[in-house]
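Right, one structure below, let's go through it.
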Amino acid sequence: MNEFPVLGQVALGYSPMIDRHRAVTAVRLTVFPNKPDAPPRAGDLLAALGSTWPADGGRVSLNIVGESLLQDLLQTELPLNMMVEVPAFMAGDIAHTEALQALHARGNTLLIKGRPLAPLPREVLPCFAYSIIDLSDERRDGQPAPGGVSRTIPHVQGEVRTLGQMTDAFSRGAIAVLGWPIEDAVVASGKSSAQPDLQAIVELINRVDRQEPVERLEAVMKNDPTMAFKLMRYINSPAFGLSVEITSFRHAIMLLGYQRLKRWLALLLASASRDPNMRPVIYAAVRRGLLMEELVRETGDPERRGELFICGVFSLLDRMMKQPFSELLRTIPVPEAVRAALVDDDGPHYPYLELVRAVESASVYDIRAASDNILLAVAEVNRAVLRALAAARQLD
């Protein structure tokens, strides 16, 4: 990925597109040119993104925040798995009609973003498969939408930040939502609401943290067939990259070692909820861990990378287990720097968590400020983002 200079010319943010079943069906990638008056070439951008999203690598919706770069993109031959969001004012401009028709004819998916102030040209309207309507633009009076785009085009609700907003959007007829439904408040309950299988994972994390003998770890695994099955499936997956099949728990535990076993258990704990509404939260947590780890990959410090990974994966555990971190981390062992970041919004790992949140919010000013705070160039951050998303796709 180092061979793509374009990654130093843009800032990237990402968020999920979530369907009614709470499954993530696409990634929305927001692209900010660093110099809007001198944007990079669309072809260079697509080449860089192609390393993360090859033709068979899942769908990505490109939200280009820069008219010149978007105009260039509309004239480019796009892979079919790359959808394009087109602002309403550009969709209504006849100067773009030919390009939109050509992309539609090739089979590319186009989304119109926002409400047009006037009816769209008749030849353009059929080019759009979906409309994107942000919560802030949602009409609440029940009247038809103005302009050429009505709810006859399936709509995607944008700016979704809580589980309640997601549920309400689907009740209004949205086919998908864009955003991170992870901002619900967590209230101290005084007791754990963890499911039995979650408690078993926490017990094993504690045993690993104490570096108990392999025999004791193996005994816990044998008493939980589901956890044992998931371990065997994970360690034999392509993402792990082994050349031989692992068939015994003992071999798997010995091969992983304590640190990597704890990493896997962190992933398992973060993904063990049975609540469908938690699927987007799990999606966010895994990517947070991978991105925080990637941000310090060049330091060559595996312990630090491991701590940042745990910090990111656990950063939404309070939502999943419905306990504030001040209660939750009394039962789950974490390094002091991780505890400081999650409980006190402080410590050496917290600035990295702030950067990840800025990337998730697609706020270019916050991304730049947070990057400067930890002395990372925008190109380094973008490379980390793409590596993390590619690694997450392999885990999925």
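So which residues in segment 272-298 are among the basic types (Lys, Arg) and either in a loop (DSSP other than H, G, I, E, B) or in contact with a helix residue (DSSP H, G or I) (Cβ under 8 Å, 6 or more places away or on another chain) (or both), if there are any at all? Correct list: Arg274, Arg287, Arg288, Arg297.
From the list Phe4, Phe32, which residue is within 19 Å of the chain's Cα centre (by Cα), closer than 15 Å to Val378 by Cα and open to solvent by 10 Å² or more (accessible area, probe 1.4 Å)?
Details: Phe4 fails: within 19 Å of the chain's Cα centre (by Cα).
Exactly one residue qualifies, and that residue is Phe32.
What is the residue count in segment 367-396 for residues that are under 19 Å from Ser315 (Cα atoms) and either acidic (Asp, Glu) or out of contact with any helix residue (DSSP H, G or I) (no Cβ under 9 Å at 6 or more places or on another chain) (or both)? The total comes to 0.
Are there any pairs, at least 6 apart or on different chains, whose C-beta atoms fall under 7 Å, with the first in segment 337-359 and open to solvent by 20 Å² or more (accessible area, probe 1.4 Å) and the second modelled with pLDDT under 95 and among the aromatic types (Phe, Trp, Tyr), and if so, which? Close Cβ pairs (under 7 Å, with a partner that is modelled with pLDDT under 95 and among the aromatic types (Phe, Trp, Tyr)) amount to Val343/Phe325. Once segment 316-336 is narrowed to residues that are more than 30 Å from Arg28 (Cα to Cα) and assigned to a helix (DSSP H, G or I), the residue that is most open to solvent (accessible area, probe 1.4 Å) is Glu336.
What residue, of Arg207, Arg233, Arg263, Arg216, is assigned to a helix (DSSP H, G or I), among the charged types (D, E, K, R), under 23 Å from Ala390 (Cβ atoms) and at pLDDT 80 or above? Before you say what the answer is, go through the steps one by one.
Details: Arg207 fails: under 23 Å from Ala390 (Cβ atoms); Arg233 fails: at pLDDT 80 or above; Arg216 fails: under 23 Å from Ala390 (Cβ atoms).
Step by step, each of Arg207, Arg233, Arg263, Arg216 is checked, and only Arg263 is assigned to a helix (DSSP H, G or I), among the charged types (D, E, K, R), under 23 Å from Ala390 (Cβ atoms) and at pLDDT 80 or above.
Just so you know, in segment 1-15 the residues that are part of a strand (DSSP E or B) and touching a Ser or Thr at 6+ places or on another chain (Cβ under 9 Å) include one that is nearest to Arg172 (Cα to Cα), and it is Ser15. Taking segment 294-315 as the range and being of a type in the set (A, V, I, L, M, F, W, C) and surrounded by 22 or more Cβ atoms within 10 Å (Cβ to Cβ) as the test, the residues that pass are Leu295, Leu308, Phe309, Ile310, Cys311, Val313, Phe314. Return the residue satisfying two criteria in turn: it lies in segment 101-130 and is more than 14 Å from Ile153 (Cβ to Cβ) and of a type in the set (A, V, I, L, M, F, W, C), and of such residues it is surrounded by the most Cβ atoms within 10 Å (Cβ to Cβ). Among those that are more than 14 Å from Ile153 (Cβ to Cβ) and of a type in the set (A, V, I, L, M, F, W, C), it is Leu103.
The values are calculated or read from the model by the stated rules, or taken from the named source; none is laboratory data. Bear in mind the structure is a predicted one, so any value in this text is a computation, not a measurement. With ideal geometry, Cβ positions are generated from the backbone for all residues, glycine too; neighbour counts draw on all protein chains shown. The area values use the complete protein model at the heavy-atom level, side chains included, leaving out ligands, DNA and RNA. Shrake-Rupley method; radii C 1.70, N 1.55, O 1.52, S 1.80 Å.
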